[in-house]
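*Asks:* I have a structure here, written as structure tokens, and I will follow up with some questions on it.
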Amino acid sequence: MSPLKITTRDADTGPVLEITGDLDYATAPELRTALDRLTLVPGQLLLLDLADLDFCDSTGITTLLAARNLATQHGAELALTAVPTNTLRILAIIGLDRVFTIHPNTTTATTADAHAC
């Protein structure tokens, strides 16, 4: 089990949360707390960088959906970046790969062309 670490930084498009470790039943509240601390404004893009995510269970997936809902409530958008293969497979099986905008990396997601799509 890898402890969850969340690093928040700002990009030109909006906040980026780099999520490292395991996102599961025990650690999902930490991500919810980090999300609650964000100030989102309409038109921003909230990025969840999952490049160093080791594990994500159903509670973690639910928390990703909660992040999407939060962004939508504030008139912002949400995208996932660098989703690990095992997590991407789960998202595809349950159809959430069609719900989330997914980018290969944060750089691609923060370009003006990517955000305009």
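*Asks:* Suppose we keep only residues that are free of Cβ contacts under 8 Å to residues at least 40 places away in the same chain and surrounded by 12 or more Cβ atoms within 10 Å (Cβ to Cβ) within region 7-16. Which one would you say is farthest from L40 (Cα to Cα)?
*Replies:* Among residues in region 7-16 that are free of Cβ contacts under 8 Å to residues at least 40 places away in the same chain and surrounded by 12 or more Cβ atoms within 10 Å (Cβ to Cβ), the one farthest from L40 (Cα to Cα) is T7.
*Asks:* So, one more: On the given criteria, is L4 at pLDDT 95 or above, touching a helix residue (DSSP H, G or I) at 6+ places or on another chain (Cβ under 6 Å), surrounded by 14 or more Cβ atoms within 10 Å (Cβ to Cβ) and of a type in the set (A, V, I, L, M)?
*Replies:* Spelling it out, L4 is indeed at pLDDT 95 or above, touching a helix residue (DSSP H, G or I) at 6+ places or on another chain (Cβ under 6 Å), surrounded by 14 or more Cβ atoms within 10 Å (Cβ to Cβ) and of a type in the set (A, V, I, L, M).
*Asks:* If you don't mind, there's one more thing I want to ask. Kindly establish whether T110 is of a type outside the set (D, E, K, R), modelled with pLDDT under 95, more than 17 Å from L4 (Cα to Cα) and surrounded by 14 or more Cβ atoms within 10 Å (Cβ to Cβ). If you could, list the steps in order and put the result at the bottom.
*Replies:* Working: of a type outside the set (D, E, K, R): yes; modelled with pLDDT under 95: yes; more than 17 Å from L4 (Cα to Cα): yes; surrounded by 14 or more Cβ atoms within 10 Å (Cβ to Cβ): yes.
For T110, the condition - of a type outside the set (D, E, K, R), modelled with pLDDT under 95, more than 17 Å from L4 (Cα to Cα) and surrounded by 14 or more Cβ atoms within 10 Å (Cβ to Cβ) - is met.
*Asks:* Among the residues of region 63-74, is there at least one that is over 17 Å from L96 (Cα atoms) and in contact (Cβ under 8 Å) with a residue 24 or more places away in the chain?
*Replies:* The first filter runs over region 63-74 and keeps only residues over 17 Å from L96 (Cα atoms), leaving 73-74.
Narrowing further to those that are in contact (Cβ under 8 Å) with a residue 24 or more places away in the chain: 74.
So far as region 63-74 goes, yes, one or more of its residues are over 17 Å from L96 (Cα atoms) and in contact (Cβ under 8 Å) with a residue 24 or more places away in the chain.
*Asks:* Just one of the numbered conditions (1) of a type in the set (V, I, T); (2) surrounded by 17 or more Cβ atoms within 10 Å (Cβ to Cβ); (3) at pLDDT below 95 is not true of V83; which one?
*Replies:* (3)
*Asks:* Give me the helices (runs of 4 or more DSSP H) completely within region 27-117, filtered to those with at least 3 residues that are of a type in the set (G, A, S), ordered by residue number.
*Replies:* Numbers: elements: 28-36, 58-73, 85-93, 106-110, 112-116.
Helices (runs of 4 or more DSSP H) meeting the threshold: 58-73, 112-116.
*Asks:* Against the condition part of a strand (DSSP E or B) and among the small types (G, A, S), how does G21 come out, does it pass?
*Replies:* Details: part of a strand (DSSP E or B): yes; among the small types (G, A, S): yes.
Yes, satisfied.
The values are calculated or read from the model by the stated rules, or taken from the named source; none is laboratory data. Since we're looking at a predicted model, the values are computed, not measured. Neighbour counts are summed over all protein chains in view; Cβ atoms, including those assigned to glycine, are modelled from backbone coordinates with ideal geometry.
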